[in-house]
Amino acid sequence: MSNLANIRLNRKKPLVCVPCEGETVGDICYRCQQIMEEPHDLIEFNAGKFNGMPNLSQLWNALLMIAQVTKEEPFIFTCHIKDLPEYYQTERDYRDILTFCIRSGLADIIEMDEHTDPDTLADLAEQCNDTGLIPLIAIHFATAPTAAAVTERLTSLSDLETLNFRITFPAATADDIRTVQEGVRDFLSDNYEYKVVINPTGPVAKAELLAGNTFDSPILYTEIHGGTDDLPSSQEITAILKEKGMAVKKD
């Protein structure tokens, strides 16, 4: 059951997100149990890592397991075409998977790939809006983009039925992150109602997060169990946000 009332995409009170991945329903159950022992506001389920895809019955079992073990905590459903088995990397299969997830009512945010057919994206976003879910379009840059490229990409997608984007890019320097922030600010100056999640990746991004830089992003991506080389732990980031008075208050 969607927990949308508990989600506010607000760059001044960013949500701490942790990943949930697993090849089997049992793996997902164990991972969720681990997540519940760590501080977080949001969970991201990457369905592309689940070996039950694209079997919708198996997907239902995975979604239901997440909802049950986490006591219906809010979560993002993420699935990218490139992560599906090769035979199922088609527009139709991708649309069917996302439509099924939307209609299940278990996830709260539905992330969809920007390279999906525009009509399909618009239809999926409209389904999310009609059912009270948050559609999130994922934009991926293979290298750190210029500010102009960021503004251009966001503008090109702004006529779809969504007000929410996630930009993922590798950050080699802190300047790479500031450049993307500049491009996002330029876009938001004329589109203030939109929300843009800024998701730099790599050790530099981790160091910036640990230094207190939230990238003006409403969602911050972390890891459990002490973090990784590229991601800080949810404990570290939660502590930093509390110190800065930016932590989300729990009901």
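Using θ = phi - 60° and the Karplus form 6.51 cos²θ - 1.76 cosθ + 1.60, what ³J(HN,Hα) does each residue of region 44-57 get, whole Hz, x for Gly and Pro?
10, 9, 8, 5, x, 8, 8, 7, x, 6, x, 5, 5, 5
Apply the Karplus curve 6.51 cos²θ - 1.76 cosθ + 1.60, θ = phi - 60°, to the phi angles in region 28-33 and return the couplings in whole Hz, x for Gly and Pro.
5, 4, 5, 4, 5, 4
In terms of modelled amide H atoms, which long-range or inter-chain residues lie less than 5 Å from the amide H of Glu44?
When sequence neighbours closer than 5 places are left aside, the close amide H contacts are Val18, Cys20, Ile76.
In square nanometres, what is the average projected area of the Cα convex hull of the chain?
With every direction weighted equally, the projected area is 12.4 nm².
For Glu223, what residues show an amide H to amide H distance below 5 Å, using hydrogens built from the backbone and excluding near sequence neighbours?
For Glu223, the qualifying residues are Ser233, Ser234.
Along region 108-118, what does the Karplus equation 6.51 cos²θ - 1.76 cosθ + 1.60 (θ = phi - 60°) give for ³J(HN,Hα), rounded to whole Hz, x for Gly and Pro?
My calculation for region 108-118 gives 10, 10, 10, 8, 10, 6, 4, 7, 5, 3, x Hz in order.
Hey, can you grab everything whose amide H is under 5 Å from the amide H of His80? Only 5+ residues off in sequence or another chain; H modelled, so Pro and N-termini drop out.
Sorted by chain and number, the residues that satisfy this are Gly48.
Which shape class applies to region 1-140: rounded if a/c is under 1.5, otherwise prolate when a/b exceeds b/c and oblate if not, where a ≥ b ≥ c are the square roots of the Cα gyration tensor eigenvalues?
oblate
Give the longest segment of the chain that steers clear of trypsin sites (Lys or Arg not before Pro) in DSSP loops with at most 16 neighbouring Cβ atoms within 10 Å, not counting the sites themselves.
Answer - 72-243.
From Cα pairs below 8 angstrom and at least 6 apart in sequence, can you work out the relative contact order of the chain, rounded to a whole percent?
Reported relative contact order: 21 percent.
Filter Lys49/Lys242; Lys206/Lys242; Lys12/Lys49; Lys13/Lys206 down to the pairs with a C-alpha to C-alpha distance above 26 Å, please.
Correct reply: Lys49/Lys242; Lys12/Lys49.
Using 0.36 nm per residue of separation minus the Cα-Cα distance, give me the extension gain between Asp190 and Glu21 in nm, one decimal.
Here the segment from Asp190 to Glu21 would lengthen by 57.2 nm.
By how many nm would the segment from Glu161 to Glu126 grow when fully extended, if each residue of separation counts as 0.36 nm and the alpha-carbon distance is taken off?
12.0 nm
Please give me the summed charge of the neighbours of Phe77: other residues whose Cβ is under 10 Å from its Cβ, Lys and Arg +1, Asp and Glu -1.
Here the count lands on -3.
We did not get these values from a lab; they are worked out from the coordinates using the rules stated. Model, not experiment: these values are computed from the prediction. Every residue, glycine as well, gets a Cβ built from its backbone with ideal geometry; the counts of neighbours run over all protein chains shown.
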